[in-house]
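Taken together, the values in this text are just the output of simple stated rules run on the coordinates, not laboratory data. Computed from a predicted structure; not experimentally measured. All Cβ positions, glycine included, derive from the backbone under ideal geometry; neighbour counts span all protein chains shown.
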Amino acid sequence: MKTLPLNTRAPTTALKQPKELFTFARDIDNEWIYDREHIVKEAVSYYYLPDVQINNQIDLQGGYAKFKKIPEEDNLGDFASLLKALEIHEREHGKVGVDIITFRGLMTKILALPYNLLDPIDLNIVAYDGQLFVKSDEELELRRRTESDAKQKAELTPEKYEHVKRCEYSGYKFEAMATIPKPWADCTRPMIDKRNKKIVNNYEQYISAIRTGIGKVKMLLAGEVDCVWDFLPEDGGEPVDHYVELKTSRAIETNGQVITFERKLFKTWAQSFLMGTKKIVYGFRDDLFILKSVEIYETEKIPLLIKNNPLNNVEDAAAPGGRRGPKINCISALKWYGAVLDWISKEIPKDDESMSWRLSYDPGSRTFSLLEIVGEANQKLRNGGILSPEFKQWRQSLKKD
Ligand code: 0WD
Ligand code: CA
């Protein structure tokens, strides 16, 4: 087992500007879409929430009973569809030359780790064709989600548990209320006015795969994009520059809530920063789920915003046991992230198919480690677990030329 001390930091944070390579989407029927035109027409939505509507007491639990929610086991990050979209891209443009291929959300966990020391991480890594394919351990992830839900159910009153579920829903409802399916000029009046009647779901998802990198490590990250700020640029413009991340939060009234929000804002920064998403829109709601205000954050300004907050380093009321959380520093987190990727890239031989790897963070012992996975478990990851037969066939066919 190899370990990386938690205080490791890369000397610099040289970052490549993220560039979109391709997109794919999931529709309401749980089908994946790869056709660009179809995606633009059906899966991309646009931000639109004028002040008059915000002042209209939008109810973010409206339609809760009709929520069309995807089962957890179907929402674990579908690697097969990412690889299929990658293959389609490569058939036109050739093999994507990166070191690591993964979902953005998994990298957010690593980037945010220095200030989330209680959250475990378990990722499987397969080296194949000179690249590392990184995916969460599905079994563990699903078990954790199920157990966390069961724990809440057991520990909370039925009313409180219901409240938690409604909080979850309110995020998706905010997305439905803050977006329109076409640019404003192409929308009909009913499209805009009937948003509150729309049945909310979390099947529909638009995913952008970008090329980025930190230090010497080049990466392909696939991440969900909530909506477009103004328009999708044609010929040559960078779509990433137009993307928006939507979030909701309890309106902030007490110092404790400021600290809780700052921790959330840090995670949202990490998530958005990785994809090059420039804008984050927060909808603030009260305890009755009424939307009170909307705040737009520029992602690049958040590190300074957090740094300058005098409450950032006081007693962390949100942490279990009243733990004094370390002062959040986005640059320090980035240097940690850079060091991790550098370490992974150096430690894992990219052409050795005799083993796979497990990257773990264990909150109990506070160890960050890489462990070899051999034998049957390695074979399983290489045959369907992470790599799909279709994708391997595609990459093999490239080698024959
Ligand atoms: O453990 C896994 N294998 C995960 C899979 C963790 C996180 C996401 N996913 C799935 C997503 O559903 C999506 O299909 O992978 C795909 C790409 O997601 P991503 O952009 O890499 O994921 P992330 O940045 O963590 O989350 C983006 C969105 C969330 O929006 P918010 O505003 O809450 O960050 O993906 C959804 C959610 O809408 N999402 C989840 N939905 C239900 N349960 C979860 C979850 N645990 N995690 C992310
Ligand atoms: Ca979001």
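State the Cα centre-to-centre distance between the stretch 1-40 and the stretch 241-281 in whole Å.
Going from one Cα centre to the other spans 18 Å.
With each label point set 7 Å from Cα along the Cα-Cβ vector, what nm distance links Glu92 and Asp287?
That separation, rounded to one decimal, is 5.2 nm.
Rounded to the nearest 20 debye, what is the charge dipole size of the chain about its Cα centre when +1 sits on each Lys and Arg Cβ and -1 on each Asp and Glu Cβ?
Details: 59 positive and 61 negative charges, 166 e Å.
Using Cβ point charges on Lys, Arg, Asp and Glu, the chain gives about 800 debye.
Whole angstrom only: what separates the Cα centroid of the stretch 122-143 from the Cα centroid of the stretch 377-401?
Measuring centre to centre over Cα atoms gives 14 Å.
Can you give me the orientation-averaged projected area of the convex hull built on the Cα atoms of the stretch 25-147, in nm²?
So the Cα hull casts an average projection of 11.7 nm².
Send over the semi-axes of the chain's equivalent ellipsoid, whole angstrom and largest first, taken as the square roots of 5 times the C-alpha gyration tensor eigenvalues. Provide the component values of the computation, followed by the final result.
Working: eigenvalues 217, 150, 87 Å².
Semi-axes, largest first: 33, 27, 21 Å.
In the chain, what percentage of the DSSP-assigned beta bridges are antiparallel, given to the nearest 5?
75 percent
What are the semi-axes of the equivalent ellipsoid of the stretch 242-374, taken as the square roots of 5 times the eigenvalues of the Cα gyration tensor, listed largest first and rounded to whole Å?
33, 19, 15
Express the relative contact order of the chain as a whole percentage, based on alpha carbon pairs under 8 Å and six or more residues apart in sequence.
Once normalised by length, the contact order is 29 percent.
Taking N as the number of residues in the stretch 322-401, what is its alpha-carbon radius of gyration divided by 2.2 N^0.38 Å?
1.52
Can you tell me the dipole magnitude for the stretch 251-401 around its Cα centre, using point charges on the Cβ only (Lys, Arg +1; Asp, Glu -1), in Debye to the nearest 20?
200 debye
What is the stretch 121-174's relative contact order, in percent, from Cα pairs under 8 angstrom and six or more apart in sequence?
19 percent
Indicate, rounded to the nearest 5 percent, the antiparallel portion of the DSSP beta bridges found entirely in the stretch 94-156. Provide the component values of the computation, followed by the final result.
Working: 6 of 9 bridges.
Taking every DSSP beta bridge with both residues in the stretch 94-156, the antiparallel ones total about 65 percent.
How many Å³ per residue does the convex hull of the Cα positions in the stretch 153-223 occupy?
Dividing the Cα hull volume of the stretch 153-223 by its residues yields 168 Å³.
How large is the Kirkwood hydrodynamic radius of the stretch 162-320, counting all unique pairs of alpha carbons, in Å? Kindly include the intermediate steps, with their values, before the conclusion.
Working: mean 1/r = 0.0570 Å⁻¹.
17.5 Å is the Kirkwood radius here.
Using a Förster radius of 45 Å, what is the FRET efficiency between Val258 and Lys400 based on their Cβ-Cβ separation? Nearest 0.05, please.
0.15
Can you give the convex hull volume of the alpha carbon atoms of the stretch 121-200 per residue, in Å³?
Each residue corresponds to 158 Å³ of Cα convex hull volume.
Ranked highest first by the average count of other Cβ atoms within 10 Å around their residues, in what order do 50-63, 280-293 fall?
Top of the packing list down: 280-293, 50-63.
Grab the beta carbon distance between Lys392 and Ile199, set R0 = 30 Å, and tell me the FRET efficiency rounded to 0.05.
About 0.15, to the nearest 0.05.
In the chain, once you exclude exposed GluC sites (Glu not before Pro) (DSSP loop, at most 10 other Cβ within 10 angstrom), what's the longest stretch remaining?
Maximal segment without exposed cleavage sites: 32-233.
Subtracting the Cα-Cα distance from 0.36 nm times the residue separation, let me have the gained length for Glu295 to Asn308 in nm, one decimal.
Values: separation 13, 0.36 × 13 = 4.68 nm, distance 1.82 nm.
Gain on extension, Glu295 to Asn308, equals 2.9 nm.
Of Thr367, Phe289, Tyr47, whose Cα points farthest to the positive end of the dipole of the chain (charges on the beta-carbon: +1 Lys, Arg; -1 Asp, Glu; origin at the Cα centre)?
The Cα lying farthest towards the positive end belongs to Thr367.
For the stretch 211-256, state what percent of all Cα-Cα pairs lands in each successive 10 Å bin, counting from 0 Å until the bin that includes the largest distance.
With 10 Å bins starting at 0, P(r) equals 19, 32, 28, 17, 4.
Rg/Rh for the stretch 111-248 to two decimals, with Rh computed the Kirkwood way over all alpha-carbon pairs.
Here the Rg-to-Rh quotient is 1.03.
Normalising by the residue count of the stretch 182-322, find the relative contact order in percent from Cα pairs under 8 Å and 6+ residues apart.
18 percent
Show me the ranking of peptides 216-223, 6-13 by mean Cβ neighbours inside 10 Å, starting with the highest.
216-223, 6-13
Tell me, what is the Rg over Rh of the stretch 1-46, with Rh the Kirkwood radius over Cα pairs?
When Rh is taken as the Kirkwood radius, the ratio is 1.30.
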